[in-house]
1. Suppose we keep only residues that are in contact with a strand residue (DSSP E or B) (Cβ under 7 Å, 6 or more places away or on another chain) and at the interface with chain C (Cβ under 10 Å from one of its Cβ atoms) within segment B:269-299. Which one would you say is surrounded by the most Cβ atoms within 10 Å (Cβ to Cβ)?
2. Just need a number here: residues in segment C:111-122 that are in a helix (DSSP H, G or I) and either surrounded by fewer than 21 Cβ atoms within 10 Å (Cβ to Cβ) or in contact with a strand residue (DSSP E or B) (Cβ under 8 Å, 6 or more places away or on another chain) (or both).
3. Among the residues of segment B:457-474, are any away from every other protein chain (no Cβ under 14 Å) and either in contact with a strand residue (DSSP E or B) (Cβ under 9 Å, 6 or more places away or on another chain) or surrounded by 21 or more Cβ atoms within 10 Å (Cβ to Cβ) (or both)?
4. Between a residue in segment A:98-116 that is more than 9 Å from every other protein chain (Cβ to nearest Cβ) and more than 14 Å from residue C:11 (Cα to Cα) and any residue that is among the polar types (S, T, N, Q) and surrounded by fewer than 17 Cβ atoms within 10 Å (Cβ to Cβ), which pairs come within a Cβ distance under 8 Å, given they are 6 or more apart or on different chains?
5. Just for segment A:1-37: of the residues that are closer than 20 Å to residue B:108 by Cβ and open to solvent by 20 Å² or more (accessible area, probe 1.4 Å), which one is nearest to the other protein chains (Cβ to nearest Cβ)?
6. Scanning segment C:179-206 for residues that are closer than 24 Å to residue A:193 by Cβ and hydroxyl-bearing (Ser, Thr, Tyr), which turns out nearest to the other protein chains (Cβ to nearest Cβ)?
7. Give me the residue from segment B:322-363 that is touching a strand residue (DSSP E or B) at 6+ places or on another chain (Cβ under 6 Å) and assigned to a helix (DSSP H, G or I) and, out of that set, nearest to the other protein chains (Cβ to nearest Cβ).
8. Within the bounds of segment A:253-264, is there any residue that is buried (at least 17 other Cβ atoms within 10 Å of the Cβ), facing chain C (nearest Cβ under 8 Å), without any contact (Cβ under 8 Å) to a residue 60 or more places away in the chain and assigned to a helix (DSSP H, G or I)?
Amino acid sequence: MTQKGWSVALKRMMRYRALFLMVLPGLAYLVINNYLPMVGVVIAFKNIDYSHKGLFGLIYYSDWIGLQNFKYLFQTNDAFVITRNTLLYNGGFILINTAVAITLAILLNEVRNKLASRFYQSLVLLPYLISMVIVGYLVLSLLNVENGFVNKHVLPFFGMHPLEWYSESKYWPYILTIVNLWKNIGYFCIIFLASIIGIDHEYYEAATIDGASKWQQIKQITIPLIAPTITVMTLLAIGRIFYSDFGLFYQVPLNSGPLQPTTDVIDTYVYRGLMTLGDIGMSSAAGVYQSIVGFILVIFSNYIVRRRNRDQALF
Amino acid sequence: MQKRFQTSMLALSIILVLSLLLSACGGSSNKDNAASGSNAAASNNAAGSANSGNEKTLELKVAFLGIGTFKDVADVQDAISKITKEKLNATVKLVPIDPAAWQQQINLQLAGNEPLDLLVTSSAFNYSTQAAKNQLVVLDDLLEKYGQGIKDTMPEAIFNGTKINGKIYGVPSVRDTAADYGFIARKDLLDKYSIDLSTVKSYADLEPILKTIKDSEPGVSPIVQRSSTLGIATEMITSQFDVLGDSLGVLNLNNNDTKVVNLFDTQEYKDSLALTRKWYQAGYIMKDAATTQEGNNALIKAGKGFGYFSNMKPGFEAQESGIDGHEMAAVRLTKPVSGSASANIFMISIPRNTQDENRAMQLMNLMYTNADIVNLLDNGVEGKHYVAGANGQIRSVGADSGWVFNQWEVGNNALAKVWEGTAPDVWEQMKKFNESSIVSPALGFSFDSSAVKTEIAAATNVINQYRAGLDSGSIDPAMVADFNDKLKAAGLDKIIAEKQKQLDAFIAAGAGK
Amino acid sequence: MKTNQMNQSVVHILLILLSAACLFPFLLLVAASFTDEASIVKDGYNLIPPQFSMAAYTYLWDQAAAMTHAYGITIMITVVGTFSGLLISSLLAYPLSRRDMPLGGIIAFIVFFTLLFNGGLVPSYLVYTELFHMKNILLALIVPGLLTNGFYIMLIRSFFMTSIPVPIIESAYIDGAGEFKIFYRIVLSLSLPILATIGLMLAISYWNDWFNGLIYITEPKLYSIQNLLNRMLSNIQFLQQNNLGGKASEATATLPMNSVRMAMAVIGILPIICIYPFFQRYFVKGLTIGAVKG
C-alpha cells in the first residue's frame, strides 16, 4: 500500500472510532437495562430462597427445580381457555387495529385543511392518553346495569330490555375489541400517517394523469409503499402476541368472575393466581413462557415474509 | 444470512456471559456487605447487656400499609424521632406503602438489600411464606431481651398466635382481635318505619324489614355489599367458620372438631346462598353488587343504601355513623369469635434487611409501652391533628387532617388517647370483648402454602370466577356444583390435605398455648 | 398539486364521527369531575351534570402544593427523559444506518433482540437498586424508560437510511468534517420529522408512566402526577377487591371521591393535549420503516 493508502485507512479507522463512540452509550444502556436482567431468567427454574440477598445470591444459592414453576400455567382446563383468549384477542387486535388505523390515516391524509387535520389527529389521540383504570370507569358508566348510559337511554330507544353486561360473557369479545381499538387507534394512526405523508407526491400526480381512480391509487400506490411499515409493525406485534394489555383485560371487565371465560388472558390469570402467593419464580416462569412463544412466532412469521419478499423481513 | 445469524447469536451469548459476570461482581460485593452486616450485629450481641451497642446513630425504617392520609408524615416522624433519639440513639423514618403496591414493593425490597427495620406483616400477605423463606428474623430471643413490655399488653393466646414451627416472627397489634357479626342500618329509616332491630334474632328475620324498605323507599337498596369480595352469602356465615387464611379448606366451628373441609361444599354455605339468591331476586340486593366500584359507606352516604352486614366490635356504631354520614344502629347476630387469623392478620416483624435487629426490637418495644409514641402514630401531633377535649379525650381540628392512620396496624393502641364520641372506656370494653370470644382451635395457625402453590394459583382463579357472583346472589346457586368441580380440578383436595397435615402438626405441638 | 382528492365533505363527516367517538368519553370524564359526589354514586355519569359541583377541584386546589410539586416532577422527567432518550437513540441509530459500519449487523441484532426477550421485573429491579442504588431518586423515573425499546431505534435508523442522501455525508466528509459534526450538522437537522415523532412517543410514555414510580419510589416528594393518580385508583380498587379481615371498608372511607379521581385524570391529560399540535408541525415529511436488517 502507498503512503497515502495507509493514511486513508488510518483516517477511516478514526472515522469508525467516532461511530463506535456514538454507539457506546446506547449499547451500554441496553446491556444494563436489558441484558443484565436477562440473567434473571433462570429464576423461573429455581425455588427461590432469600437467605442470600442480591440478584446473584438469589440465583446462585436457590435450588434448581426444573419446570415446576411452569406447572400452574398448564395444569387445568383454564390453560386452554387463557391461551386461546390471548391468541384470538391479540391476533384480532393486530388485524383490526392495522386495518382501521390505515383507513383512518388515509382519510386524514386526504383532508385539505391542515388545521382541521391537526384537530382530528388530536382528538383520535385523546383516548391513548387516558389511564386504563379511568377507561374502566368510563366503560362502567356506559354499561352499568342500573344507571349506565346504554341501559338507560340506548336500549330503551330501540325498544330492548336492559342487559346485565357484567355477567354475560358473550358480549365481551366485542366490547374489548372496540375499547382496544378506540384506545390505541390514535397511536397506530400517527405511525401510518407519518409513513403515508412520506410518499412522494409525484407518484399520485402520475397516476392521476393516467386516469387512476382514488381507490386504485390507494391500492396501487399507498398500500404497497407503506407495506414495509405494516410488515414491521405486524411482526413486532406478533412477537408480543402472548402478552396482553393487562389494564384492558383486568380493569375494563372489573375483574368480574362470570366474564372470565371470555376475558381471562395469560397476564390476568397469572396476576390473580400469584397475587396472594407473591412467588417470583412462578411469575418469571410466565414471562419466560410468553417470551419464548413470541420469539418462535416471530422467527416463523419472519421466515414466511422473507420467502415472499426478502426486503421486508426483519432479519 | 445463516452465518450472520450465527455471528449474532455468538455476540449475544458473549453479552449474556458478560452480564452474568457483572451481576456476579455486584452480587458478591453485596453478599460481603450482608455478611459484614450480620457480623456487626453479632458483635453487638456479644457486647451484651441491654441498650448498649447503640453508639452509632441510625435511621430506623418502618414500613406500613399506607391506608389513610400521610401528608404530614414528616411532622409525626420528627416528633417520634425526638423520643427515640434520646432513648435509642436512633431516628425513625416512616414509610407508608400503598396497599395496591404492597405485595410487589415488599417482595422487591426483601429480595434486595435495602435497609428496612420494622415491617407490618399479615397472614393475608404471605406471612408464613415470608417466614419459611427466611425473609423475617426470629424474634423469641430479642423479645426476651428487649421486648419485655410487649407480652403483657395482650392475651397469651394472641401473643403466641403468630408462631410458625414454634418460633415467633411477628407481634400482633393490640386491637379488636375478636369480632361479632350482624347488620347495621340507617337509624332515620328504622325510626321512620318504627322498626325495632332488637327483635331480629337471625339473618332470616331481617326479611320483612328489607321488604318494607324495598317497597316504601324507591332508589334505596335494602342491603349493600361492603366490597366485591365480601359477599352477602359469606358475611352471613363468617362467624361459623375459620377460613384458615384463604378459604381454600376451612374449619367448621359448629362441628367443634379440627377437620379441614371445603367451605363451598358445606350445607351452611349452600343454605346461605339460597337465602341470598331469594333476596337478590326480590330486589333487596343491588343488581351490580358483584362488580360495584362503590363501597358501602359511599352508597349509604349518597342515600342509595339502607344497611349492610359487617363484623363488629365495641364502639362500632359510633365509628360507622361518622363514616356513613348518617346515624347508624346495629344488631349483633352472633357471639364474638376469634379465628386462626385473629392474631396474625396484622403484626409487626423485623425483616432480614434490618440494620440492627436489637434496636429494631427496642423500637418495637416502645410502640407497645410508650404512650407518647403510640399517640403520635395513632393520632398525630397535638395542636396540628387534634386538640384536647373533655375528660382527657381528644377532638378533631377540622375536616382535612394531614395525618389519618389506621391504628389497627401496629402497636399497643390501648395507650392512645381516645376521640370524643367514643366511650372513654372503649379499650376496657374491647379487652372484655376479646376475652369473651369463642376461640377457634386453630387460633394462631398460619398455613404455609409453598408446597401447594401451583394448586393455589389455579384455585384462586376459580374462586374469582364464581364466588363474587354466587355470594351476591347474582348467579344461580345451582352453579355451586360447577364451582366445586372446578375447584377439585384445580387441586383443592391436595390443598385441603396439606392444610390438614399442617394443622394436625400445629395442634399436636400444642402451639398457641 | 394535481392529484384527485376524495370528496372533502365525505372525509370530514367520517372523521367528525370518529373524533366524536373519541371525544365523547373524555367529555363524560370532564362532566363527572364537575358533578356532585352523591349524584355520581346515585345516578352514574352524565354528559350534563345533574348537580354541578366544583368540590373535586376545590379539593385538589387545597392540595395545590402537592399537585404542583407532582407536576414539576412530571414535567422534569418528561423533558429530561425525552431529550436524553432521543439523543442516545439517534446516536445509536446513526452508525447502524451506515452501510459501511463494521459489525453493524451484529449490533443491530443486539438492539432487535431486546424487543423479544426481557429478564422480568425482579432482576431489573435488583440491577438498578443494587448496582446503581436507584431507589427514591429522580433518575429512577428517567433511566428505565430511556430507550423504551429497540423499536424506536429501528425507526430512526430506517429514516436515516432512506432520507439522508449518502452523497451529502460523503461530501461533508471530504470537506473535512468529523463524524460528530456530520451527525450534528447534517443528520439531525435533516431528521426533524422522525425526531419529532419519536420525541412525541417518548414524551407521552414519560408523561403517562406510573409503573417506575410504583416500584422505585416510596418517597411522596418524588411522586409524579400520574403516579399520584394511579396510586389513588389502584388503592381504591385493591381495597374493593381484597378482604383485609374486614378492615378494608374502614379504610376506603378515607379515600378520595369519584369526582376527584376524574378531576385528577383531566388534569393529567390536559397539558399533553395542548402540546400535541406543536409536535404535529414536523409531520411534514414522513417516516418509513422497513429494511430493518439484523
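1. Result: B:296.
2. Adding up the residues that qualify gives 1.
3. No, there is no match, as no residue in segment B:457-474 is away from every other protein chain (no Cβ under 14 Å) and either in contact with a strand residue (DSSP E or B) (Cβ under 9 Å, 6 or more places away or on another chain) or surrounded by 21 or more Cβ atoms within 10 Å (Cβ to Cβ) (or both).
4. As it stands, the answer is A:98/A:234, since those pairs meet every condition given.
5. The selected residue is A:34.
6. C:197
7. Applying the filter and picking the extreme gives B:343.
8. No, segment A:253-264 contains no residue that is buried (at least 17 other Cβ atoms within 10 Å of the Cβ), facing chain C (nearest Cβ under 8 Å), without any contact (Cβ under 8 Å) to a residue 60 or more places away in the chain and assigned to a helix (DSSP H, G or I).
The values are calculated or read from the model by the stated rules, or taken from the named source; none is laboratory data. What you see is a predicted model; the values in this text were computed from it and never measured. Cβ coordinates were reconstructed from backbone atoms using ideal geometry, including for glycine residues, and neighbour counts include every protein chain displayed. The area values use the complete protein model at the heavy-atom level, side chains included, leaving out ligands, DNA and RNA. Shrake-Rupley method; radii C 1.70, N 1.55, O 1.52, S 1.80 Å.
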